Each structure stands twice: as structure tokens, then as C-alpha cells.
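Working notes, beginning with the structure itself.
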Amino acid sequence: MDAPREIFLKDYKMPDYYFDSVDLSFLLGEEKTIVSSKIIVSPRIEGNSHPLVLDGRDVKLLSVKVDDKDLKEEDFHLDSHHLTLTRPPSGTFTLEIVTEICPQNNTSLEGLYKSSGNFCTQCEAEGFRKITFFQDRPDVMAIYTCRIEADKTLYPVLLSNGNLIEQGDLEGGKHYALWKDPFKKPSYLFALVAGQLESRDDTFITSSGREVSLRIWTPAQDLPKTAHAMYSLKAAMKWDEEVFGLEYDLDLFNIVAVPDFNMGAMENKSLNIFNSKLVLASPETATDGDYAAILGVIGHEYFHNWTGNRVTCRDWFQLSLKEGLTVFRDQEFSSDMGSRTVKRIADVSRLRNFQFPQDAGPMAHPIRPHSYIKMDNFYTVTVYEKGAEVVRMYKTLLESSGFRKGMDLYFKRHDGQAVTCEDFFAAMRDANDADLSNFLLWYSQAGTPNVKVVSSYNSEAMTFSLKFSQGVPATPGQHVKEPMFIPVAVGLLTSSGEDIPITSVYHDGTLETVMENGQPVFTTILKVNKKEDEFVFANIAERPIPSLLRGFSAPIRLDSDLTDEDLFSLLAHDSDGFNRWEAGQILSRKLMLSLVADFQQSNPLVLNPKFVEGLRTIIRDPSLDKEFIAKAVTLPGEGEIMDLMEVADPDAVHAVRSFIRKELALQLKEEFLSTVINNRSSEPYTFDHENLARRALKNVALAYLASLGDEELTNLALDEYKSATNMTDQVAALAAIAQNPGLAREEVLLDFYQKWSDDFLVVNKWLSLQAMSDIPGNVANVQNLLKHPSFDLRNPNKVYALVGGFCASPVNFHAKDGSGYKFLGDIVLQLDKLNPQVASRMVSAFSRWRRFDDYRQALAKEQLEKILAANGLSENVYEIASKSLA
Ligand code: PHE
Ligand code: ZN
């Protein structure tokens, strides 16, 4: 194939034409769907004579008219990607286009497609062009109407954005609905749904007293499972009013759940479309993790109404403008609804396990990428999660009130506009008159900054110094980096673990007072801004233990000179909950890396007793939050450890992590046993912090115990499985048992499947649990599961569960015989024919192949080359595979 074209941020040009209004009409049919559009087009500059280039893909052009007249053949040009009007009129004109599409054959799940018999759309980023010819770019914003006509029995519900203006019956068993969205929007926010759906209805009264109808649509049998989603929506609406003063702006808000969806959910104006797994929940079928994810994603999509829809992106390079900000908002929402510390721990773990590796690999890109081949490939943990960290740093630097002022100014300036990351930055800066110096580098430099800190105490001067040095590693296309502006939140502890009051800090030769309202503080933000930067705390009466980067105040890798003793002390006492957890993680990482070295040199593995005692104290501490304890006794993931190695060794890391787990299970057996026993409950399931924390702790303890694989403990897990009254406990017990090969595992897996074979979301848990298993030779099981009746390559959730799950097990995916790589290589090529976006997500598992030994490298490379050599490869997969090999 010809190498697909790369698109660059620096080439951005304003559109030559704007669309004032767009009237769409859909005739939905079983064989074909006819789409008519009537667009009022205005040149950006009066009298311009540029051609009007419309995007279009897989659409058949039936007719095109300008000002009511069929366009002459010499006045337009059609190719596989565009319809170009070569000589449009010089002033405002009416453009009418009729196209034909086949949603029923659309397996890419982009544009208009069918899911379980219903019609639905997915237009972000560039799916609208699969519906009709259009300037499919976010800086073209218009008022839309949408008329839908379809068979009334097959498609009783017809939905689009905005308000329902008109509806009625038509001849031949058909009916229609006409929708109008009063807000200007880009094409990526357009949506249409038609099908057999029913709704859970509720209302929300906004702070200014307007009543909003809320409807969550699903097939009738799933309606009982939408209660938590409705609760989440109302909580999100209230939270956005309270925290950001943002009210919903229409009288109707719809959510539709569909089983076939590439991503999590989509924020289409007033018609959010969701992957069913992020809407449907009942205590019997969904875990605490599912409940939490639903809360977060319902919030996320709702929050987009302001951050994304009312103010949108000028171009797709600015994606983090809406996504980083909206992820930050959903993180804060979830924090306020649960435990802030535990939420922060979960978000940072995610960043470390997924974003740090991406930032250190061939796909590394800044939160605002400089170029792309397929935009779909840039819906990444970097744009989303690192983007959220960048937004969080504004809040850390400007404090809550300053951040809110910046948000207010952002909306005041840009409501109704398509803007850039600089516009957001400028609003934050201007609202606070802040010196944010080179903060914008966070948008342009890829790579996780490495920061080293050296401390020293001067007892005569009573000063404590922290010397920072920083560097950003080279990333593809960026070899030389500049020093970043890094907010480092620091507290100081006495040797017995109390916070030391901080009054003043020397920096750059001046003494700065850091009091607040005349009072000393316990945490201060150091603004590290140079390659080498020193901060000296004054009036410190004893050598302190520094608590560094509290709350993970910047997305960096921090290397400090804290001793193990300091770390144990922080683990036991730090008043910053996040750093208490972090101290344990630093100790675990050190321990795991040193045991990996022992394993590689065939030395016996011995667990440091102090580590065991540190965890024992945590488990036994009744003052601690149970969910926090669950996190604190969980070891860093295998991926996180491999990421820290010169040459990643999945077998060694796996062996070491399993060794530590078993050793902890043995030595802390009493604690774990009583934890399981004391945290059972016969109350009905409730999703509240106290109960989910209790379950989290019990289930972590159970997993440790069952890892030992002896009969007594396997039976304990079996009892938990049988007595479970909710999915959280049931699947946790199943997973605990399934750690070890054997009869118990087989029986309980079969039992679970038989119980739940009718519920595809639960069956996906069953698929992923088996796929992620680290039992030796698991690739064969996964291969068999591909043929299982519950599996379907066309459904993304199933692919993510089975194929994605498999790639998440380092030992099996990276198996030395190459079987894991071959499995993935083959499946990517099959998937690519059906759904390039999903195929490209899967092929990403290869991207860090250079981190492994030569032998594995050769095997992975062979698969990547095989993929690239395939005929008709999608641009999506091409981009990831070719960049991985580059
Ligand atoms: N914009 C969606 C979000 O809320 C994600 C998405 C992107 C969904 C592309 C579908 C397609 O993050
Ligand atoms: Zn989003």
C-alpha cells in the first residue's frame, strides 16, 4: 500500500467556508439508508473563490444541488475520500446532497451502524463523513435539525440531538420524528438512534429552577439495571452546579446503552451513547468496579456538555483540551463521591501502568500531538490521563479558587467557540495574573520527566535543603528537551512522624514566606523550573523526613535519597494518604527489582521481614480506611516493574511477584483469615464507601490466601463463591480460585458460565478472567475460547475481554515460544477487516517489543512485519505497526 498521509498541527488552516445550518433527513431502511442534507454555506471571507472540499467515506453520492440546481459535472469532483465543489458561488448558498449508505454492513462501528437490530451513530472523531459528504472538522459548527423516518414497529423510538419538534405516523407502517438542536455544534457531536428501546425516566431541577427530563434508554429487559446510571447522572448534574457553577442547558437529556461500541461512551449533545457495560448494573451482575466506572463515565460524558460541547476543540490536535479537562473533572467528581485518597491512588496506578510505558515507547506523543495518520489512534492514555494531570497541575498551582476563576473566564471568553489549548492556558493565567512561565511545555514535550532529589540538613543553620535535577528523555521526533515547570508538593515529618510547620523557604537567593493567613503550612508547593533547582527550608529544628510529591503533584518519575527507614516511617505516619501508599510502593518496587536480580542469577529468593512487618501494621491498623488498606497491600503490577528494567524479563517479574504474594500469604495468614471472616456481611448490597471498602479488603485478603493453593484455603474461597450474594464477591472468589490450575478451577468456571450464559456482560468477565490467567500455556485455552459460542469478533467488548485480556498477562503474551505473539498477529489481521479501530488498539500490545530480549524481539518483529505486509491494511493498524517498527 502507499504510505498513508500524515497530518500536522503546524499545517492547520481555518476553513474557507462555514456552515450556518444543517438540515438532515434519514430514511432508515433494511437494505439501504438514504441521507439528505441541506446546508447553508457561507464563505469565511466574502467573495472568496476557493473550492469547497467535503469529506466522505464509503458513501454513495446520489445527487448534489447548489441553490436548487443540479450541479454540473464540470463543477464538482468526486474521489474515494472527497466531494469537491470546484467553483462554488461567491456568496452564501444552499447545498443539497443526497447519499446512500448501508448501516447494516458497517462493522467498523463508526458512522451510522446497527447494534442488536437498532440503528445508532458514532461520529467522533471523523465518522460523520461516513454518513454524508461534509466539512467533517470540529471548527465548522452549525445548528442542526434531523428528521428521521423509519418503520414504526421495527423502530418505535427515534432520537436525535436537542428537542423533539414534531412527530407523526406515515403511510406504509412508517413514522417520523423531527429534532432540532438549538446549540451550534461540530459534526462529531451529531447523533441518531432508532430502535426498540424503553426508558427509565426521571427529572432534575437545576439550580435556577428549570426542570430537565432525564431518560436512559435500553432494551426493555435491561431497564431494571439502569438505576445506578440514573443516580450517577443526577449526582453529576448536581456536582457540576456546586463545584463549577455549570447548569444543564436543555430540557431533555438522553442516554442510550448499546452493546456494540468501540469506546466507553460518547458525549453527543443531549444524546449520550454508551457502551452497555458502562450503563447496566445490578448487585447480582456488576462489581463495585463496574459501579464505580459507571459513576465516573456517566459523570465524564455529562461534564462534556460544557467542556467539549459548549466549548469545543478547534482541531483534533487539541483533543486534550476537552478530554484532559473532562477526565480531571470526572476524577474530582468520583473523589468527592468516595475516598479522595483511594481515587488518587487508582488514577496514579493507571498512569504508571499504562501512560508511563506509552511515554517511553515508540508511540510517545505530547498531550497535544504534533502529527497523526489516524486520529482514532490518539485517544490515548497520554491525551486523556496525562492530560488530566496537566489540568490538575493548574489547580495545584492556582489552588481551588484560582482554578475556578480560570474556568469561569474560559467559559466567559469561549462559550460557543472551537478553541485551542493555549486558550485554556491563557484563561488560567489571566484570571489569576499568574506567572506560569514555561508551563506550556507540558503540551508540546513528550516523555515522562525524570526528577532526582538530594536532601541535606544543616543543624547549625537549622536549614533543610532539597536539590532537584530534572531531564526529559528523548522521544520519537524530539531529541532535545527543555526543563519543565514542575510543581512539587512537599511536607516535612519529624522522626516520630509528625508534620513539621513550614514558614519560609529560600529559593534563588531570596527568602519566601509560605504562611497562609499568618499560619505556617504543612505542605508547600515548590515550583521546580530549572534543570537544577534548590530549595532550602528555614527554621527546621531537627533532620526531617521529606514527604515528596504529595498527592502526586506532577506526572513525573521521582528518584529520591530516602532510605528504607525513611520510607517505612512515611508508610506508617505520613499525613498525606497518597504518600503513605506511595512509600509502600517505592519499597515494593525496590524489593521486587532486587528479587528479580536474584532470580536472574539463580539466587534463592528471601523476603525482607521488615517489609512483611510494615504491611502487617497496615492491615492491623483499625484507624485506616479499608479500601486504602486493600490498595496498600497490593503489589505494583508486573508491567510497572518491567517498565523499570533495562531489559524487561516477564518470567522473572512474574516469578518474583508470585513468590512475594505467596510469602505474604503465609506470613500474614492469620491477618488475612480474620480479614476475610470479619468483613463478610449478610446485608443486601449497597454501593457506598463503607461497604465497597469492606468488600475490597476482604477480597484482596481472599486472593492472597487462595494463592497458596492448598485445600483448606481453596475451600474457603469456594465457600465464599457459593455464599456470595453479589457479583463483586462472586467474581472475586472465582478469580481467587482460578489462580491455580486444577479441578476446582475447572468446576467453578463451568458453574459460573452456566449461571450467567444469558448475560453477555457477565460472560465477558468470565472470558477476561480466563484470558488474563497466568497459568502456563494459556494461549491454547484462549484459542479455544475464540470458538466458544459466547465469543464474537465483531463485538468490541468481547475482543477487549478475550484478546485484550490475554495481552495483559505478561507471562503468556510474551511466552518464549512466540505463541502469544503469533496469536495476536493473526487475530489483528482478522479484526482489521471488520473493525480497524479495535484492531489498532489490539496491535498496540506489540508496541513495546524493543524492551525485551533479542529472542523475543525477533519474534515480535516478525509479527509486526507480517501485519504490515498484509493487503488492504487499515490506516489505523498501519500507523501503530509502522511506528512500532520505526
Ligand atoms: N469522546 C469520548 C469520551 O468521552 C470518547 C470517544 C472517542 C468515543 C471516539 C467514541 C469515539 O471520551
Ligand atoms: Zn471524554
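All of the numbers you see were taken from the coordinates with simple rules; none came from a lab. Computed from a prediction, not measured in an experiment: that's the story for all the values here. Please note: Cβ atoms are built from the backbone with ideal geometry, for glycine as well, and neighbour counts cover all protein chains shown.
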**Asked** Roughly what % of Cα-Cα distances in the chain sit above 36 Å, to the whole percent?
**Response** 51 percent
**Request:** Would you mind ranking Tyr231, Tyr144 so that the residue whose beta carbon has the fewest other beta carbons within 10 Å leads the list?
**Result:** Tyr231, Tyr144
**Message:** Taking 56 Å as R0, compute the FRET efficiency from the Cβ-Cβ separation of Asp16 and Glu670 and round it to 0.05.
**Reply:** 0.15
**Message:** List the lysines whose Cα sits under 17 Å from the Cα of Lys527, skipping any in the same chain fewer than 8 residues away.
**Reply:** Lys395, Lys452, Lys467
**Asked** So how do Met407, Met263, Met462 line up by other beta-carbon neighbours within 10 Å, fewest first?
**Response** Met462, Met263, Met407
**Request:** For n ≥ 4 DSSP H runs only, could you compute -39500 (n - 2.57) per run for the chain, divide by its residues and tell me the 222 nm figure to the nearest 500?
**Result:** -12000 deg cm²/dmol
**Asked** Could you put Leu767, Leu785 in order, starting from the residue whose Cβ has the fewest other Cβ atoms within 10 Å?
**Response** Leu785, Leu767
**Item:** Helix axis angle, 421-432 relative to the chain longest principal axis, alpha carbon, degrees
**Value:** 60 degrees
**Prompt:** To one decimal place, what orientation-averaged projected area in nm² is obtained for the convex hull of the Cα set of the range 339-493?
**Reply:** 12.1 nm²
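Of all trypsin sites (Lys or Arg not before Pro) in the range 152-183, which ones are in loop regions per DSSP and have a Cβ with at most 16 other Cβ atoms within 10 Å?
Within the range 152-183, the qualifying trypsin sites (Lys or Arg not before Pro) (loop, at most 16 other Cβ atoms within 10 Å) are Lys152.
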**Item:** Mean-position separation - Cα centroids, the range 104-139 and the range 174-198, in angstrom
**Value:** 13 Å
**Item:** Extended-chain gain in nm, criterion 0.36 nm per residue less alpha-carbon gap, Gln754 and Asn105
**Value:** 230.4 nm
**Prompt:** Can you give the relative contact order of the range 693-832 as a percent, counting alpha carbon pairs under 8 Å and 6+ residues apart?
**Reply:** 17 percent
**Request:** Give the angle, between 0 and 90 degrees and rounded to the nearest 10, that separates the Cα long axis of helix 387-414 from the longest principal axis of the Cα atoms of the chain.
**Result:** 30 degrees
**Complete:** Contact order relative to length for the chain, counting C-alpha pairs under 8 Å separated by 6 or more residues, stands in percent at 8 percent
**Message:** At a 10 angstrom cut-off on C-beta neighbours, averaged per residue, how do the peptides 671-677, 837-843 rank from highest to lowest?
**Reply:** 837-843, 671-677
**Loop-located GluC sites (Glu not before Pro) in the range 592-655 whose Cβ has at most 13 other Cβ within 10 Å (DSSP)** = Glu646
**Fill in**
Within the under-12-Å Cβ sphere about Asp347, not counting Asp347, Lys/Arg +1 and Asp/Glu -1 give a net charge of +4
**Asked** Restricting the count to DSSP beta bridges whose residues both fall in the chain, what percent are antiparallel, rounded to a multiple of 5?
**Response** 80 percent
**Message:** Beyond a 29 Å Cα-Cα separation, which of these cross-linked pairs lie in this structure: Lys180/Lys833; Lys277/Lys722; Lys234/Lys833?
**Reply:** Lys180/Lys833; Lys234/Lys833
**Message:** I need to check one value: relative contact order of the range 381-503, counting alpha carbon pairs closer than 8 Å and at least 6 residues apart, in percent.
**Reply:** 17 percent
**Item:** Hits among aspartates and glutamates - C-alpha to C-alpha of Lys60 under 13 Å, sequence gap 8 or more where chains match
**Value:** Asp79, Glu100
**Item:** C-alpha long axis of helix 609-620 to longest principal axis of the chain, angle in °
**Value:** 60 degrees
